[in-house]
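Structure, as structure tokens:
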Amino acid sequence: LIHFYKRNIMSNHLKRLGDIFGSFVSTDFKRKRLQDETSFTQEKDTDESPPKRKKLSSTVDDGNEFTDVAAFLKRVASFTDLCWCRDVPQLSPLEVARHGWASTGDEFMVKCDSCGQHLSLALPSQDTGVRETCIKTAVARLFSAHGEFCPWGKTSSPAHLVRLEVPDLQNLTKTAERISQLGEKLPYLRSDHVTEWEGIVNAIKKQDGAFHNIEDDRIKTFSCVLALCGWREGMLEDTLTDQYSVRRIGVWNFVSIQDEDDIQETQRVAQEMGQSIDETSREFKPAGKEYLNPLDEHVSWHPI
């Protein structure tokens, strides 16, 4: 019953994400907003995103440091420590980086490159009874802890930078093609992680010149799904990384397409010998490997 419940949750999650990316071939949609469970934010109307939001790019908008996407992504990329995976959306790395702060590498310590000020965002445990008060203070300090003449003390980057944006179909196709170069070393994705993406995956595969040197349709499909789920090729060999370069995974840790082919062949032989698939399936999965869930592998504060 528990596994059935989890599968239903995942199915609903994938369907919602599929509807979002399905907007490539439909009308505009309301983008996913970062959840904010409290009323502690001090953003003014000027911080609200404009009616028509721009797609994420690496360019600087009019030389304005607050709208410099490349600088924002660089700050976000500094939050590699898993200590930031805590259930405090107002102090997520995306929100902290939006206010001009970057991680120093020390636990919960951030620094502003503009004014050089440091700020600790460590919080007491829930059982102290003062955690919510400390969260409120920490959120206010995202502004007030900057230096007296630091521009980040008065304003922040636009809120739309932390939201899930619609990727450009052409760029998405290029990302999928680069991922596909892993070939049969790609993680094998189970059907419940693929089905909800079929519409947009087919649209990507039909792009002119896409995957022209790839024959295995599974490689094409899994590459598209991974790109849609926010992954891209890593800087290191046989790795994938998220769009913020914070989470990196080695594909060797997961059941690959080649592994799955071997499992299926071994199970076929076992059946011919009179053994049950249920009895042998666990034995045939490579030791230490699991099937990749492309959504669950993201850090908890990732907007997807």
Could you tell me which residue of the stretch 95-119 is least open to solvent (accessible area, probe 1.4 Å), considering only residues that are under 14 Å from LEU82 (Cα atoms) and either part of a helix (DSSP H, G or I) or not polar (S, T, N, Q) (or both)? PHE108
Could you grab the pairs with beta carbons closer than 9 Å, sequence gap of 6+ or different chains, first residue in the stretch 89-116 and on the phi < 0 side of the Ramachandran plot and without any contact (Cβ under 8 Å) to a residue 24 or more places away in the chain, second one among the hydroxyl-bearing types (Ser, Thr, Tyr) and part of a strand (DSSP E or B)? ASP106/SER120; MET109/SER103; MET109/SER120; VAL110/SER103; VAL110/SER120; LYS111/SER103
Scan the stretch 187-205 and report the pairs whose first residue is more than 18 Å from TRP231 (Cβ to Cβ) and whose second residue is in a helix (DSSP H, G or I) and open to solvent by less than 50 Å² (accessible area, probe 1.4 Å), with Cβ atoms within less than 8 Å and a gap of 6+ or a chain change. THR195/LEU14; GLY199/GLY18; GLY199/GLY22; ALA203/LEU169
Being modelled with pLDDT under 95, within 30 Å of ARG86 (Cβ to Cβ) and of a type in the set (Ser, Thr, Tyr) is the requirement here; does SER300 meet it? yes
Just one of the numbered conditions (1) open to solvent by 40 Å² or more (accessible area, probe 1.4 Å); (2) within 15 Å of LEU182 (Cα to Cα); (3) without any contact (Cβ under 8 Å) to a residue 40 or more places away in the chain; (4) not aromatic (Phe, Trp, Tyr) is not true of GLY250; which one? (1)
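Filter the stretch 166-211 for residues that are open to solvent by 80 Å² or more (accessible area, probe 1.4 Å), in a loop (DSSP other than H, G, I, E, B) and of a type in the set (D, E, K, R) and give the result. Spell out the reasoning first.
Start the filter on the stretch 166-211 by keeping residues that are open to solvent by 80 Å² or more (accessible area, probe 1.4 Å), which leaves 170-171, 174, 178, 181, 185, 190-191, 198, 206, 208.
Then keep just the ones that are in a loop (DSSP other than H, G, I, E, B); that gives 181, 190, 206, 208.
Result: ARG190, LYS206, ASP208.
The values are calculated or read from the model by the stated rules, or taken from the named source; none is laboratory data. These figures come from a predicted structure and were not determined experimentally. All Cβ positions, glycine included, derive from the backbone under ideal geometry; neighbour counts span all protein chains shown. Side chains are part of the model used for accessible areas, which takes the heavy atoms of the whole protein and leaves out ligands, DNA and RNA. Shrake-Rupley method; radii C 1.70, N 1.55, O 1.52, S 1.80 Å.
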